[in-house]
1. Could you tell me how far the Cα centroid of the range 273-289 sits from the Cα centroid of the range 144-207, in Å?
2. I'd like to compare 232-243, 536-547, 123-134: which one has the highest average count of other Cβ atoms within 10 Å, and what's the full order after that?
3. So how do 92-101, 577-586 stack up, highest first, on mean other-Cβ count within 10 Å?
4. Given Cα pairs under 8 Å that are at least 6 residues apart, what percent is the relative contact order of the range 72-143?
5. How do the peptides 248-255, 552-559 rank, highest first, by the average count of neighbouring beta carbon atoms within 10 Å per residue?
């Protein structure tokens, strides 16, 4: 749901504080960094392995002081470790580089570095390093709201941890597990881990961890609807002077929510006093999101519906911005994982081929020795063995050929399955946001139906219709894509009267076209007929039309064209909109990256439509082409084969 309210301009820049209980596996010391001492040791030591550890430590000391200097020393450690094939140094340097990317808010690069560190830690059997890398991966998964993956990484991290020798880190993991289970709505488990982390943090006399644990208990009790216990534990968290400012604002927001439910409006208002300025000052979107929810609920309980409606709009707008940022990072994360899986697969195939060649060489040596011995015994035996050897060589050759075919088929299947998993992972995440926005808006509308004016009511209905149409188009595109992936599936080829098809397609966007006063031009013969699959054509042309409307300003023009070649149709949609740069076109067509910007009237997009269209077009034996000039307009072309040329699509 996208309300037409003022844009929220405070998008987080730099490092966003990880929401709730997430504690990085870094020990950020408040004491003065011993940089001079380390630099002196670096100038004196001659051992490359010692230099690697000093360089990695310098990277750590500079991390929150001068991040660019930190990267210089980390890269030096990495290069020196590669030169000497020093695996512990490689593991530590990659792990430290991952923490650098977290500080710089480059989360996909951070994930890649932690994944590079893990194999080295595992190879040398460094349990502490394995646990640290898994813990950091779990934190990044939590930040991306991939709670199942976060839970798995935290649980694995604990299995590699020496809980006696590393009691403080173990306690942090318990606090993290409480946060993950709370977000998965597994509240009994969340309560269990929150109590354990509180018990252990008090034994450690760690007030910061204790405040986080009390906060976890308070929020779990809030979701359990035990509001008195929620308030009591949140107060205990706020009483500790080491509570981080983000947790302090969140705790007061949840206190206000609890007091609002209990009907104590004065205490609810007192908890919110001054919070909005603090939240905006620290520039943390997640904290601000929870504050907007608390203010909306409080104002709603006071009967101040107009103000409550304003904060509801702010909440939905900010939630959409967080969602869009997550999508870009998730897609980059999927690319990283996909590349890692592909490298592992290629290494496995190379290893299998090397073993096969070794086995063949061994067989050849045995055969030669046998021939040499038997030649001295009898000429006929030599001939027999020669024929046996020839037969065996031919059999080995056939075996190798079949093995290579099998390897290629296995690789192809694994890559296809990975691609499908990636697309469905993105689509599943995309579907959640519009459904949540539609549900939130309809509940709010139902509750305050009689308090809206006619204009406000029409505005809400129009925005609900836009979200529902977006969700419907996404699901339709995914269904057609899924159908195109079925082995042996034949698309339904039929005659389509192109102008009738375009009339039906334009009806779905009629309101947007009228609103923008767009001129529609059809450069197609009146009785033009083509043959193709109706659903495929509908998904792709509708996506082109939707993009054209989105990026064409009021009073602009959209043209439909058809070019017919001997073997192919070219259906084009041309607009007079913002246009695209060559770099943007390359991202969409070559890199297949999610690319989404807002339209001329702030229309949102999910960035996956063209990726699905490319996949569907490829299955038909066709392709998508884009010609564009920034500031002039764009032409999107669907090129697909005629049925007599394509056979079975």
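1. When both Cα centres are located, 26 Å separates them.
2. In descending order of packing, they fall as 536-547, 123-134, 232-243.
3. Top to bottom by mean Cβ count within 10 Å: 92-101, 577-586.
4. After rounding, I find 27 percent.
5. Going by the mean number of other Cβ atoms within 10 Å, highest first, we get 248-255, 552-559.
Rule-based calculations on the coordinates, nothing more; no lab input. Fair warning: this is a prediction, and the values are worked out from it, not measured in the lab. No Cβ is skipped: glycine too gets one built from the backbone with ideal geometry, and neighbour counts run over all protein chains shown.
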